[in-house]
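> I'd like to ask you about the structure that follows.
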Amino acid sequence: MNALIIGGTGIISTDVVTYAVSQGWDITLLNRGQRTVPPGVRLIQCDARDEAAMNKALEGRRFDVVANFIGFLPEQIEQDIRIFEGKCAQYIFVSTCCVYQKPDSQYLTTESTPLRNRDSLYGRRKIACEEALNHAYRERDFPGTIVRPNWTYCLGTVPFVFTNWRKPWTLVDRLEKGLPIIVPGDGQSRFTITHAADFARGFVGLMGNYHALGHAVHITGEEALTWNQYLEQIERVVGKKAVVVHVATDTIVKILPHLHDDLVGDKALSFLFDNAKLRRFVPGFAARVSYYEGVKASVEYLRAHPELRIIDTEYLANYDKVLAACCPGLRPAHN
């Protein structure tokens, strides 16, 4: 079985590619070639936004599976439909759980939860992408499958609310120095975080899976802790007790409006999932990597790679703004 992965070197897709190769898949990546390609795969260096270049690079090729990890606008998905119609047995679009309405009327989110998110432009754009793919499936039998990850992290990242995942050492550094850690709200909202290794097992199980055609399936972890509990796990790993400052989400967004979509549109409310549909398609699926285990491995990895221990000064400046407005008596975020 052969698959074309559009992207393939990101936080989610790298683990998918590695696991697919281990399961015997013949993998080709299509991207601009700006990142290291995982071992055991081929690379087609091409800009996925350039339709003419895509058609030329893929001329005469056919794939069992095409998976797009970097589609964010409906016109990009419509382009893929034109390019791959009749040239693949399954096209997988990687969407997001941010498409689901919040708050949900049920305590567990399923794939039948309405798609609606007024507070996230990212979520609305992904909904439009899904609608384009569903239309092609209904009207032209285009073999689409939609996969929805929730917040997914990999080795070397430390996921936590109100942080920059691209520079995770900033949070660890704050904790080690005894500087205040901001937790939006009262920290009691439950949120689902997924390790990329767990996501990969579910995703590869859907590749080439006839039963998944025409369906949307989310793949998430099954450990839904509160933000306070997630911070406690980071404390265990680092060996340092946090100075916690709870700040109302509305207050944070008023001070830092650019965080509205990320907080109000995604992480402020509890978000728990039912993976029953995934298990019907991929029997035996289970999320195996606990948050503690994943963060422990990431912190150890960052400690072993000093070049990755980058401090995000913009993030610290944002901390300064919030703390100065809400808790002026606390130590500043940085000197």
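> Residues that are of a type in the set (V, I, T), modelled with pLDDT of 95 or more and touching a helix residue (DSSP H, G or I) at 6+ places or on another chain (Cβ under 9 Å): list the helices (runs of 4 or more DSSP H) wholly contained in the stretch 149-266 that include at least 3 such residues.
Values: elements: 169-177, 196-206, 227-238, 249-255.
In the stretch 149-266, the matching helices (runs of 4 or more DSSP H) lie at 227-238, 249-255.
> Being under 19 Å from P143 (Cβ atoms) and crowded, with 21+ Cβ neighbours inside 10 Å narrows it down to one of I5, I81, so name that one.
On the way: I81 fails: crowded, with 21+ Cβ neighbours inside 10 Å.
Answer to the check: I5.
> Just give me the residues in the stretch 102-114 being at pLDDT 95 or above and either of a type in the set (D, E) or within 23 Å of L259 (Cβ to Cβ) (or both), in sequence order.
Once the filter is applied, which keeps residues that are at pLDDT 95 or above and either of a type in the set (D, E) or within 23 Å of L259 (Cβ to Cβ) (or both), the stretch 102-114 yields T109, E111.
> List every residue pair whose Cβ atoms lie under 7 Å apart, where the two residues are 6 or more positions apart in sequence or sit on different chains, the first residue falls within the stretch 1-23 and is within 11 Å of F199 (Cβ to Cβ), and the second residue, located anywhere, is in a strand (DSSP E or B) and of a type in the set (F, W, Y).
Hits for this filter: I11/Y153.
> To continue, here is another question. Quick check on my filter: what residues within the stretch 112-123 are among the charged types (D, E, K, R) and touching a strand residue (DSSP E or B) at 6+ places or on another chain (Cβ under 9 Å)?
R116
> Still on this model: Filter the stretch 1-32 down to residues that are in a loop (DSSP other than H, G, I, E, B) and in contact with a strand residue (DSSP E or B) (Cβ under 7 Å, 6 or more places away or on another chain) and give me whichever is nearest to P149 (Cα to Cα). Give the steps one after another, and end with the answer.
The initial filter retains those residues of the stretch 1-32 that are in a loop (DSSP other than H, G, I, E, B), namely 1, 7-12, 23-25, 32.
Among the residues that remain, those that are also in contact with a strand residue (DSSP E or B) (Cβ under 7 Å, 6 or more places away or on another chain) are: 1, 7-9, 11-12, 25, 32.
On the way: M1: 24, G7: 16, G8: 15, T9: 16, I11: 12, I12: 9, W25: 21, R32: 24 Å.
The extreme case among them is I12.
> Restricted to the stretch 269-289, and to residues that are touching a residue at least 12 places away in the same chain (Cβ under 8 Å), in a loop (DSSP other than H, G, I, E, B) and out of contact with any Leu (no Cβ under 9 Å at 6 or more places or on another chain), which residue is farthest from G187 (Cα to Cα)?
A286
> Still on this model: Please find, among G185, G205, G221, G156, the residue that is out of contact with any strand residue (DSSP E or B) (no Cβ under 6 Å at 6 or more places or on another chain), closer than 26 Å to V65 by Cα and not hydrophobic (A, V, I, L, M, F, W, C).
Every option except G205 fails the conditions.
> Residue check: is D250 over 25 Å from V289 (Cα atoms) and among the charged types (D, E, K, R)?
Here the answer is yes, as D250 does meet what is asked.
> Also: Looking only at the stretch 111-133, count every residue that is free of Cβ contacts under 8 Å to residues at least 60 places away in the same chain and either part of a helix (DSSP H, G or I) or touching an Asp or Glu at 6+ places or on another chain (Cβ under 6 Å) (or both) and tell me the total.
Number of matching residues: 10.
The values are calculated or read from the model by the stated rules, or taken from the named source; none is laboratory data. All of these numbers come straight from a predicted model, not from anything done at the bench. Backbone-built Cβ (ideal geometry, glycine too); neighbour counts: all protein chains shown.
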